[in-house]
């Protein structure tokens, strides 16, 4: 379905800046058939606009290989940031991480174009900023402005695209440090950047991340808030477009667009056309059961 948001509770204030010509799309997680239906429902025209993907192109759904090929096939009409499942695929392909029991990555790993797909994926950004809209997979730490977020993401991107990318993926995992400091260096610095951009849900007002709570916004651990509700966060002047948090559901505000509506769990695949905030959704079969 396609609709322009006109509910008083969901209508954002007028933007002071022109929005990008883009259709922002929530987490695919291997649901490529639903992506095709969504692009049709949205009347997506790659000659007129781009598709912004919030990350997690792969895993848990049944057609991760087709999803990767579909997005890659859009060429310059696609902007896809890396999510935690995309990084997991890279780590498994690099041989530094075992496949998980619930992974659906075998077809990618056995594909004749595996190396091309892996190379394409590791050259994706972790953040993209355009016309006052910042695209990330999960979130932004309170002290980071939009421009700082892109700069910090670039530090990780340069390593992922370089010859030491496999070594980096081997050191990437872990929950510590749990907060940002300008004095961080090396693997600790890169790990905090990755965790914020691909795993963040809740943070304290001084920016300490929690990685255990995975329910909706009302389930914040003591002393924590949804990252986008932390008072005084430096990215509040920018519309942050993100996915990752399926239990949060659809959130449309002037400063945030949360677009993971749990397609792989039987929810919907959601897109918002940034110019005009047109909402487009398709029903999903439900390839996985929560839990």
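The values are calculated or read from the model by the stated rules, or taken from the named source; none is laboratory data. No experiment lies behind these values; they were computed from the predicted model shown. All Cβ positions, glycine included, derive from the backbone under ideal geometry; neighbour counts span all protein chains shown.
Listed residues 223, 232; which is free of Cβ contacts under 8 Å to residues at least 60 places away in the same chain, part of a loop (DSSP other than H, G, I, E, B) and out of contact with any strand residue (DSSP E or B) (no Cβ under 8 Å at 6 or more places or on another chain)? Spell out how you get there, then give the answer.
Working: 232 fails: free of Cβ contacts under 8 Å to residues at least 60 places away in the same chain.
Sole residue among the options that is free of Cβ contacts under 8 Å to residues at least 60 places away in the same chain, part of a loop (DSSP other than H, G, I, E, B) and out of contact with any strand residue (DSSP E or B) (no Cβ under 8 Å at 6 or more places or on another chain): 223.
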task = Give the residues of the range 195-204 that are touching a helix residue (DSSP H, G or I) at 6+ places or on another chain (Cβ under 9 Å) and surrounded by fewer than 22 Cβ atoms within 10 Å (Cβ to Cβ), sorted by residue number.
result = 199
task = Scan the range 1-50 residue by residue and report those that are over 22 Å from the mean Cα position of the chain (by Cα), under 21 Å from residue 134 (Cα atoms) and modelled with pLDDT of 95 or more.
result = 48
inquiry  = Every residue in the range 71-101 that is surrounded by fewer than 17 Cβ atoms within 10 Å (Cβ to Cβ) and either on the phi > 0 side of the Ramachandran plot or in a helix (DSSP H, G or I) (or both), please.
reply    = 73, 75, 76, 94, 95
query = Just checking, how many residues over the range 245-263 are in contact (Cβ under 8 Å) with a residue 60 or more places away in the chain and out of contact with any helix residue (DSSP H, G or I) (no Cβ under 7 Å at 6 or more places or on another chain)?
reply = 8
ask   = Hey, does the range 163-176 have a residue that's surrounded by fewer than 17 Cβ atoms within 10 Å (Cβ to Cβ), more than 16 Å from the chain's Cα centre (by Cα), closer than 26 Å to residue 251 by Cβ and free of Cβ contacts under 8 Å to residues at least 40 places away in the same chain?
value = yes
key: Residue check for residue 67: surrounded by 17 or more Cβ atoms within 10 Å (Cβ to Cβ), in contact with a helix residue (DSSP H, G or I) (Cβ under 6 Å, 6 or more places away or on another chain) and under 30 Å from residue 182 (Cα atoms)   = no
